[in-house]
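Reading through the structure tokens given below for one structure.
The values are calculated or read from the model by the stated rules, or taken from the named source; none is laboratory data. In this text the structure is predicted, and so the values were computed from the model without any measurement. Methodologically, a virtual Cβ is constructed for each residue, glycine included, from the backbone with ideal geometry; neighbour enumeration extends over all protein chains shown. Each accessible area value is taken on the protein alone, full model and side chains, heavy atoms only, with ligands, DNA and RNA left out. Shrake-Rupley method; radii C 1.70, N 1.55, O 1.52, S 1.80 Å.
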Amino acid sequence: MALLEIVLEGDPRLRQKALRIREVDDSLRKLAADMYETMMEAPGVGLAAPQVGVLRRLIWVHVPENFHDEGGPELSIPLVNPKIVKAQGSVIGYEGCLSIPGWTGEVPRAEVVTVKGIGLDNKPIRVKARGWGARVLQHEIDHLDGILFIDRVEDKSTIVQVPDDEPIEGPVEAAD
Ligand code: ZN
């Protein structure tokens, strides 16, 4: 396994649409393993392949149990070709991104999402998540379409700087 370099905002690869993956093979599994290691090292709660410069539809979501005291279950899963098939409700929360280090902002997201995709074993996966799990899924799937969280911030005055030594990906707690 290897740590991968995270692509930063301004790099055109973050603004392109990632390609659909036809079949999961060993090279994709190696990429997924390296992405997982990179995400854990950052640390982050999610990572999308374009963030390591690979324009393919692969994401990792890694939200620990009871993240930010929400009381939700752990959601740790790699997804190939993830697609939101159902979205319910709306909720606003702060997010950050490993590709935009040092910044956070308030992003409206669906409260509950159902996502379909393929696992690293080529078998179909269907995930239903709420709260932070749902938020991170939406954030990472956006990356596959070249969308960054700052594009989704409705009230631009909520975009604020956070200390550089707190790299984040996905939801963060509101800064005072
Ligand atoms: Zn991100």
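A few remarks follow.
- Sequence-ordered 3J(HN,Hα) estimates for segment 103-119 from the Karplus curve with 6.51, -1.76 and 1.60 and θ = phi - 60° stand at 10, 9, x, 8, 10, x, 9, 5, 7, 10, 10, 10, 10, 10, x, 10, x Hz, glycine and proline given as x.
- For the chain, calculated [θ]222 nm from helices alone, where every DSSP H run of n ≥ 4 adds -39500 (n - 2.57): -6000 deg cm²/dmol
- Solvent accessible area, Å² - I92, 1.4 Å probe, full protein context: 100 Å²
- 22 Å Cα-Cα reach of K123 towards lysines, excluding residues that sit fewer than 8 places from it in its own chain: K30, K83, K86
- Between A87 and R29, the contour length at 0.36 nm per residue exceeds the alpha carbon distance by 18.0 nm.
- Measuring gaps between exposed loop sites in the chain (GluC sites (Glu not before Pro); DSSP loop; at most 11 other Cβ atoms within 10 Å), the longest gap, sites not included, is 66-153.
- Surface accessible to a 1.4 Å probe, per residue, for the residues of segment 12-174, Å²: 48 Å²
- Comparing the chain with the 2.2 N^0.38 Å rule of thumb, its C-alpha radius of gyration ratio is 0.95 (two decimals).
- Restricting segment 19-110 to trypsin sites (Lys or Arg not before Pro) that sit in a DSSP loop and have at most 16 other Cβ atoms within 10 Å of their own Cβ leaves R20, R22.
- Taking amide H atoms as placed 1.01 Å from N in the peptide plane, the amide H of V107 lies under 5 Å from those of G93, Y94, E95, each 5 or more residues away in sequence or on another chain.
- Label-to-label distance for Q161 and R15 is 2.4 nm, based on points extended 7 Å past Cα in the beta-carbon direction.
- Here the accessible area is traced with a 1.4 Å probe on the protein chains. For segment 12-174, carbon and sulfur cover 49 percent of it.
- Within the assembled protein chains, the solvent-accessible surface assigned to S27 is about 70 Å², based on a 1.4 Å probe.
- Spacing of the two label points (7 Å from each Cα toward its C-beta) at K116 and I147, in nm: 1.9 nm
- For D34, neighbours were defined as the other residues whose beta-carbon sits under 15 Å from its Cβ, and their charges (Lys and Arg +1, Asp and Glu -1) total -2.
- Rounded to whole Hz, the Karplus (6.51, -1.76, 1.60) HN-Hα couplings of segment 123-129, x for glycine and proline: 8, x, 10, 10, 10, 10, 9
- Here the dipole of the chain is about 1280 debye; that uses its Cα centre as origin and unit charges on the Cβ of Lys and Arg (positive) and Asp and Glu (negative).
- If you plug the beta carbon distance of E154 and D69 into 1/(1 + (r/R0)^6) with R0 = 25 Å, you get a FRET efficiency near 0.50.
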